[in-house]
1. Those residues that are surrounded by fewer than 24 Cβ atoms within 10 Å (Cβ to Cβ) and either within 17 Å of the chain's Cα centre (by Cα) or among the basic types (K, R) (or both), I need them from region 286-310; list them, please.
2. Residues of region 111-143 being among the hydrophobic types (A, V, I, L, M, F, W, C) and either touching a Ser or Thr at 6+ places or on another chain (Cβ under 9 Å) or over 14 Å from T4 (Cα atoms) (or both), which ones?
3. Would you check which residues across region 174-208 are buried (at least 16 other Cβ atoms within 10 Å of the Cβ) and among the aliphatic types (A, V, I, L, M) and list them?
4. Enumerate the pairs (first residue in region 126-141 and closer than 21 Å to G60 by Cβ; second residue anywhere and charged (D, E, K, R) and part of a loop (DSSP other than H, G, I, E, B)) with beta-carbon separation below 8 Å, excluding pairs fewer than 6 apart on the same chain, so at least 6 apart or on different chains.
5. So T86 passes all but one of these: (1) farther than 21 Å from A137 by Cα; (2) of a type in the set (V, I, T); (3) surrounded by fewer than 18 Cβ atoms within 10 Å (Cβ to Cβ). Which condition number does it fail?
6. Take the conditions in contact with a Lys or Arg (Cβ under 9 Å, 6 or more places away or on another chain), more than 30 Å from N26 (Cβ to Cβ) and modelled with pLDDT of 95 or more and apply them to T72. Does it pass?
7. Please find, among E199, E193, E230, E268, the residue that is among the acidic types (D, E) and in contact (Cβ under 8 Å) with a residue 12 or more places away in the chain.
8. Would region 29-44 turn up any residue that is assigned to a loop (DSSP other than H, G, I, E, B) and of a type in the set (D, E, K, R)?
Amino acid sequence: MNYTITFNPAVDLVIRVPDMNLGELNRSFEEEYVAGGKGINMAVLLKRLGQDTIATGFLGGFSGEFIKNSLTEEGIQPAFIEVEGTTRINVKLKAQQETEINAKGPIISDNQFNQLIDYLSEKLSAKDTLFLAGNAAPGLDQRHYQAIGQLAQEKKAKFVLDTNKELLTACLPFRPFLIKPNHHELGEIFGVEITDETEIIYYIKKLQDLGARNVIVSRGGEGALLMTEEGQIYTSTVPKGTLINSVGAGDSMVAGFMAAYNDTKDFEQSLLQGAASGSATAFSVGIGTKEKIEELKEQISIQSLENEEE
């Protein structure tokens, strides 16, 4: 079973207006409500690729009910801890310029966090994959991320982590199965500017020395590079398409990779599906579909590189 954790989910309210005039009444011509959050995006992609998935984290109020209903419609089992207050609503204003207002979200108490730990302690086994994605909610910090990492390690579940550099590096001692920084984030972790493939490989090895097992570095239009814990290195190309929405593309890459790995244990096929999944979402309104992913696989090539230290 796959379990995705989203500490601070959101409903994204997308509002489209012909022109935005500050200080005046503006009328929209279209609105859309979308269940959001990195772990939720991953859950949707996993399910669309045929992977049984339970989505957990913290939800509250009418917006929390909207997210649960949206997940249920996708065939995903929601198992969220109920919190006081209302799950945040983020405003995405589409006009001459795009403007976003991200809400703070409700405060998570220690008691509520412990309820999540108790739930996962009961459910997790060595056969499961646990995805922890996104940033901390109010009331949570790196200690709570480390508690999730420690639990996954104790239960021998595969721990997949996608978050900011401070929280990611704090969890490396718990040996996450997969992390996916982009090349800018990889440079930020070590305080350097990364300019080429050789440097990417060098700093991936440093992450592995700190505890990461398998590392994907996404490189935008230059594709992605994967280094496995055995030292195998693979690169992927990028398919052709029109960028419609980059939100969720990285989440989709991680979920697509793990869906293939859970089925095949083949890193090359996993990178292929991960690359196709990220692009499928980038080329779509919302999270990519299985049909789009399969179509894009035909355009992507995977190359194996020599590891000079081998």
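1. Answer for region 286-310, where residues must be surrounded by fewer than 24 Cβ atoms within 10 Å (Cβ to Cβ) and either within 17 Å of the chain's Cα centre (by Cα) or among the basic types (K, R) (or both): G286, T289, K290, K292, K297.
2. Correct list: F113, L116, L120, A126, L130, F131, L132, A133, A136, A137, L140.
3. L178, I179, L186, I189, I194, I200, I201, I204, L207
4. Between residues of region 126-141 that are closer than 21 Å to G60 by Cβ and residues that are charged (D, E, K, R) and part of a loop (DSSP other than H, G, I, E, B), the close pairs are P138/K104.
5. (1)
6. For T72, the condition - in contact with a Lys or Arg (Cβ under 9 Å, 6 or more places away or on another chain), more than 30 Å from N26 (Cβ to Cβ) and modelled with pLDDT of 95 or more - is not met.
7. E268
8. no
The values are calculated or read from the model by the stated rules, or taken from the named source; none is laboratory data. This one's a predicted model, so the numbers in the text were calculated from it and none came from an experiment. Please note: Cβ atoms are built from the backbone with ideal geometry, for glycine as well, and neighbour counts cover all protein chains shown.
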